[in-house]
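I have placed the structure first, in the form of structure tokens, so that the comments after it can refer back to it.
What follows draws every value from the coordinates through simple rules; no lab data is involved. All values derive from a computational prediction rather than experimental measurement.
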Amino acid sequence: MKIINPYRFGKNVLYRINCGGLEVTDDGFGNPIPSSEPTWERDSSTVPSQFLVNEVNSPTQVTNFSEALPYAKDSSVPDYVPLEIFRSQRYQNGGSQVPLRVYYKFPDTGTIPNGTYTVNVFFAHDYGFTGFTRDMDIVIEGVNLFNYTESGSPTYVCIMKTFNVLITDGVLDLEFQGQGKAHGIEILSN
């Protein structure tokens, strides 16, 4: 059964990244991603995404989680998003590094046309313990657009945050600052 995705109707998917994981080529229901759209690009520890800015003073890590963990999408995550992208993450664990961030730059070389883009960011509360707190900011084009805090034991709830961003310099900068982490990134043209 093919899942119709009205959310993306009229938009072109430009980039997708499976942060911290391998390439994902289907929707999680056995349906291949349409050939007109990019797959969820690999961003593993051995083959990082071409869009990841790997800073010497602020190295990032990856984690892959067991398929047995009870991940569940909340209502913000469309059906077409494969659950598989939530089973890996790229993160910044903290410490004394400056800047403390996970940083992606689109495109990695050249420019994209100036205009408005939709940026979807995917993450899940999948790590924690009593007394644990993660605090991060999602910064796009130098503007702090969202603060996310998780604390306590994991809930394995998967969420998506959507941001409409105006690009005026031909490059889309996306940062997860503080104890930043991301499971997936999707960028669409409007």
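Taking the alpha-carbon distance from Lys73 and a cut-off under 13 Å, which aspartates and glutamates remain once sequence neighbours fewer than 8 residues away in the same chain are dropped?
Correct list for Lys73: Glu84, Asp126.
Work out the P(r) tail for the stretch 25-177: percent of alpha carbon pairs separated by more than 19 Å, whole number. The partial results should precede the final answer.
Values: 6990 of 11628 pairs.
Everything past 19 Å amounts to 60 percent.
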